[in-house]
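Undergrad: Take a look at this one; I'll ask things after.
The values are calculated or read from the model by the stated rules, or taken from the named source; none is laboratory data. Bear in mind that the values here come from a model prediction, so they are computed numbers and not experimental data. Cβ: placed from backbone, ideal geometry, glycine included. Neighbour counts: every protein chain shown. The protein model used for the area step is the full one, side chains on, heavy atoms only, and it has no ligands, DNA or RNA in it. Shrake-Rupley method; radii C 1.70, N 1.55, O 1.52, S 1.80 Å.
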Amino acid sequence: DYYRAARDADVILSAPLSLRRYPAQALSRTPLCIAHPVPFPSSGRQRLAGQIKSLVSRHVVNIVPSTYMAGHFPAPVVIYNPFDPNALAPKTVDQDRSNVIFVGRLVPEKGGNVLLEAFARARAANGARLTVVGDGPQRAALELQADRLGIADRVRFTGPLRGSEVWAQMRSHRIMVVPSTWEEPFGIVALEGLACGCRMIVAESGGLPEAVGPLALSFARGDVAGLADCLDRALSPDDQLPSDEAVTAHLAQFQPQRIAAQYLAILEAAARLVRLAAAPEPM
């Protein structure tokens, strides 16, 4: 059973923290590391569960994907999320300077409505086209919004795409926008956009600025005018993409092998501390 497996393990990595599994984990007395994808809920129906998880987090090794997330947990260890290096396939050389792309779930917190408003307002985007990759409950509302703004003929909704299909779309666009209106824990999609050669524009949201480093334009969350200004700048003939060398050096931090090595080091350290604590004292 699960308790026996937990008891026999050298160390447990739980991703994320599960209150259903935690009693067996705690009773096993095996060192426990938790990888937290998002902060604990602090309101609504999950508030009590969030409070209990917050208490539990004081007694485990907490692993988080950004320094933004580190502010939500006691004594955290920051290990970035990796990106898929297959996104680094050769870039196309005929990227249209006027092509803009969004990739993500079509839900309010991803900021699709902010992007449409800014795209309609940006002066340099008058002849530009916007591709929206993804699906979700907000799709119909976004399609209606594009029509209301008079840009429906310049906005294409592809529906959901996966893996190489998404990267192919990214590589055929010069500019990619991540306009999230909630605090993103990190931003793997922004790393993929960089890897595909896109000029990145991101909201100053949670871990997003940390994911792209100095290689992107940014604007305040929800700021339509600020995003429109970024689009005008990115669509200008004078704007320059970051160098391939700068992108390669930045993405090296997020290679899967490097992230895996960091996880293994943390797990080994947690197990070693328990072994030292359990060792008999010398006579």
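Undergrad: Can you tell me which condition LEU142 does not meet? The list is (1) on the phi < 0 side of the Ramachandran plot; (2) within 18 Å of the chain's Cα centre (by Cα), and all the others hold.
TA: Status for LEU142: all satisfied but (2).
Undergrad: Looking at SER205, is it in contact (Cβ under 8 Å) with a residue 24 or more places away in the chain, crowded, with 18+ Cβ neighbours inside 10 Å, of a type in the set (S, T, N, Q) and in contact with a helix residue (DSSP H, G or I) (Cβ under 8 Å, 6 or more places away or on another chain)? Reasoning before the result, please.
TA: Values: in contact (Cβ under 8 Å) with a residue 24 or more places away in the chain: yes; crowded, with 18+ Cβ neighbours inside 10 Å: yes; of a type in the set (S, T, N, Q): yes; in contact with a helix residue (DSSP H, G or I) (Cβ under 8 Å, 6 or more places away or on another chain): no.
Considered against the rule, which asks whether it is in contact (Cβ under 8 Å) with a residue 24 or more places away in the chain, crowded, with 18+ Cβ neighbours inside 10 Å, of a type in the set (S, T, N, Q) and in contact with a helix residue (DSSP H, G or I) (Cβ under 8 Å, 6 or more places away or on another chain), SER205 comes out as no.
Undergrad: With respect to GLU210, is the statement that it is within 25 Å of ALA120 (Cβ to Cβ) and open to solvent by 10 Å² or more (accessible area, probe 1.4 Å) true? Spell out how you get there, then give the answer.
TA: Details: within 25 Å of ALA120 (Cβ to Cβ): no; open to solvent by 10 Å² or more (accessible area, probe 1.4 Å): yes.
So GLU210 fails the test.
Undergrad: Would you mind stating whether ALA195 is over 17 Å from ALA228 (Cβ atoms), of a type in the set (Gly, Ala, Ser) and buried (at least 20 other Cβ atoms within 10 Å of the Cβ)? Working first, answer last.
TA: Working: over 17 Å from ALA228 (Cβ atoms): yes; of a type in the set (Gly, Ala, Ser): yes; buried (at least 20 other Cβ atoms within 10 Å of the Cβ): yes.
It is true that ALA195 is over 17 Å from ALA228 (Cβ atoms), of a type in the set (Gly, Ala, Ser) and buried (at least 20 other Cβ atoms within 10 Å of the Cβ).
Undergrad: Please work out which residue is nearest to the chain's Cα centre (by Cα), limiting yourself to region 30-45 and to residues that are farther than 20 Å from ALA75 by Cα and open to solvent by 70 Å² or more (accessible area, probe 1.4 Å).
TA: Going through region 30-45, the residues farther than 20 Å from ALA75 by Cα turn out to be 43-45.
Those left that are additionally open to solvent by 70 Å² or more (accessible area, probe 1.4 Å): 43, 45.
Details: SER43: 22, ARG45: 25 Å.
Of everything passing the filter in region 30-45, SER43 is nearest to the chain's Cα centre (by Cα).
Undergrad: Sort out for me the strands (runs of 3 or more DSSP E) sitting completely within region 65-164 that have 1 or more residues that are open to solvent by less than 20 Å² (accessible area, probe 1.4 Å), more than 18 Å from LEU208 (Cβ to Cβ) and out of contact with any Ser or Thr (no Cβ under 9 Å at 6 or more places or on another chain).
TA: Details: elements: 76-78, 96-103, 129-133, 155-159.
Result: 129-133, 155-159.
Undergrad: In region 1-28, what residues are without any contact (Cβ under 8 Å) to a residue 60 or more places away in the chain, open to solvent by 70 Å² or more (accessible area, probe 1.4 Å) and either in contact with a strand residue (DSSP E or B) (Cβ under 7 Å, 6 or more places away or on another chain) or outside any helix (DSSP H, G or I) (or both)?
TA: Correct list: ASP1, ALA15, ARG20.
Undergrad: Could I ask something else about it? Within region 33-49, count every residue that is closer than 14 Å to LEU17 by Cα and either part of a loop (DSSP other than H, G, I, E, B) or at pLDDT 95 or above (or both).
TA: Of the residues in region 33-49, 9 are closer than 14 Å to LEU17 by Cα and either part of a loop (DSSP other than H, G, I, E, B) or at pLDDT 95 or above (or both).
Undergrad: GLY213 fails exactly one of the following numbered conditions: (1) more than 16 Å from the chain's Cα centre (by Cα); (2) within 19 Å of ARG174 (Cα to Cα). What is the number of that condition?
TA: (1)
Undergrad: Another question about this same structure. Of the conditions (1) surrounded by 17 or more Cβ atoms within 10 Å (Cβ to Cβ); (2) without any contact (Cβ under 8 Å) to a residue 24 or more places away in the chain; (3) aliphatic (A, V, I, L, M), VAL177 clears all except one; give me its number.
TA: (2)
Undergrad: Filter region 77-106 for residues that are over 15 Å from the mean Cα position of the chain (by Cα), modelled with pLDDT of 95 or more and under 26 Å from HIS36 (Cα atoms) and give the result.
TA: Selection gives VAL77, LEU106.
Undergrad: For region 224-255, enumerate the residues that are under 18 Å from SER98 (Cα atoms), at pLDDT 90 or above and aliphatic (A, V, I, L, M).
TA: LEU227, ALA228, LEU231, ALA234, LEU235
Undergrad: Which residues, counting only those in region 233-261, are open to solvent by 40 Å² or more (accessible area, probe 1.4 Å) and touching a Lys or Arg at 6+ places or on another chain (Cβ under 6 Å)?
TA: Within region 233-261, LEU241 is the sole residue that qualifies.
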